[in-house]
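Okay, structure first, notes after.
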Amino acid sequence: MSLFGAYSLCEVGKDAAGVAGNIFAFGLFLSPIPTFRRIIRNESTEMFSGLPYIYSLMNCFICLWYGTPLISPDNLLVTTVNTIGAAFQLVYIILFLIYAENARKVRMLGLLLAVLSIFVIILVGSLQIHDSAMRQMFVGFLSSASLISMFASPLFIIKLVIRTKSVEFMPFYLSLSTFLMSISFFLYGFLSDDAFIYAPNGIGTVLGMMQLILYFYYKRSSIENCREPLIVSYE
């Protein structure tokens, strides 16, 4: 195979992985819908927290900025997935604000303004760096740190699953979507030789795989326990 042919194949593989990552990300973006159906039905946010949506919005903003041509070249699919993600998070935050109590509403508005202010500072600050390589490194480190902390957030759920030996609090499709999206963008970053993409998504792939292994292990244990007789006689 010629060098040009290998390069073309690499580009096709990169684009395919990026498109797949965008598709699988919808599983993550749509996962809060049952929660908000309940909030709308009950007209109350009850004990639900709005922090995950605030944090996800911050993550999407930073990664979106990293994917733009001003920061890194040829990362359009990183921009698209995070633009869509940011739009979903904004909708969830608005719904949360509509149905939250006044005290929580004020707190959420304050956090939202803080996120927007931090993003503006990052945006303006990075544009002050005239060297393109340094600018990419600056935003790249921020996006990697944000992604790693996002992927690490389910660790407390993994601990809970191990302690309770139950997968009740670890939705299967959410874990599957995380794994598929992570491995897709790991391949995307690897094929484009971008460590700021493949390194955090590699960690996300490992953590997603751990969640799936635990899910199937404890799901099988739960099924086996259900098959045990309800009444045991002792002679």
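The values are calculated or read from the model by the stated rules, or taken from the named source; none is laboratory data. The structure displayed is predicted, hence computed values, not measured ones. FYI the Cβ positions are ideal-geometry reconstructions off the backbone, even for glycines, and counts take in every protein chain you see. For accessibility, only protein heavy atoms count, side chains too; no ligands or nucleic acids. Shrake-Rupley method; radii C 1.70, N 1.55, O 1.52, S 1.80 Å.
Can you tell which of Ser8, Ser31 is at pLDDT 85 or above and of a type in the set (Ser, Thr, Tyr)?
Ser31
Restricting attention to segment 82-97, report how many residues are of a type in the set (Gly, Ala, Ser) and open to solvent by 20 Å² or more (accessible area, probe 1.4 Å).
1
Mind checking which residues of segment 162-193 are farther than 9 Å from Thr205 by Cα, open to solvent by 40 Å² or more (accessible area, probe 1.4 Å) and without any contact (Cβ under 8 Å) to a residue 60 or more places away in the chain?
Within segment 162-193, Ile162, Arg163, Thr164, Lys165, Glu168, Phe169, Phe172, Phe190, Asp193 meet the criteria.
Of everything in segment 98-132 that's assigned to a loop (DSSP other than H, G, I, E, B) and in contact (Cβ under 8 Å) with a residue 24 or more places away in the chain, which residue is most open to solvent (accessible area, probe 1.4 Å)?
Glu101
Exactly one of (1) over 23 Å from Gly67 (Cα atoms); (2) surrounded by 17 or more Cβ atoms within 10 Å (Cβ to Cβ); (3) of a type in the set (Ser, Thr, Tyr) is unmet by Tyr198. Its number?
Looking at each condition in turn, Tyr198 falls short on (1).
Given the condition of a type in the set (S, T, N, Q) and closer than 16 Å to Met150 by Cα, answer yes or no: does some residue in segment 60-75 qualify?
Scanning segment 60-75 turns up no residue that is of a type in the set (S, T, N, Q) and closer than 16 Å to Met150 by Cα.
Restricting attention to segment 55-75, report how many residues are touching a residue at least 24 places away in the same chain (Cβ under 8 Å) and either part of a helix (DSSP H, G or I) or of a type in the set (S, T, N, Q) (or both).
13
Mind checking which residues of segment 55-81 are open to solvent by less than 10 Å² (accessible area, probe 1.4 Å) and more than 17 Å from Phe196 (Cβ to Cβ)?
Answer for segment 55-81, where residues must be open to solvent by less than 10 Å² (accessible area, probe 1.4 Å) and more than 17 Å from Phe196 (Cβ to Cβ): just Leu57.
When residues of segment 44-54 are filtered for being modelled with pLDDT of 90 or more and either at positive phi or assigned to a helix (DSSP H, G or I) (or both), how many remain?
Within segment 44-54, residues that are modelled with pLDDT of 90 or more and either at positive phi or assigned to a helix (DSSP H, G or I) (or both) number 2.
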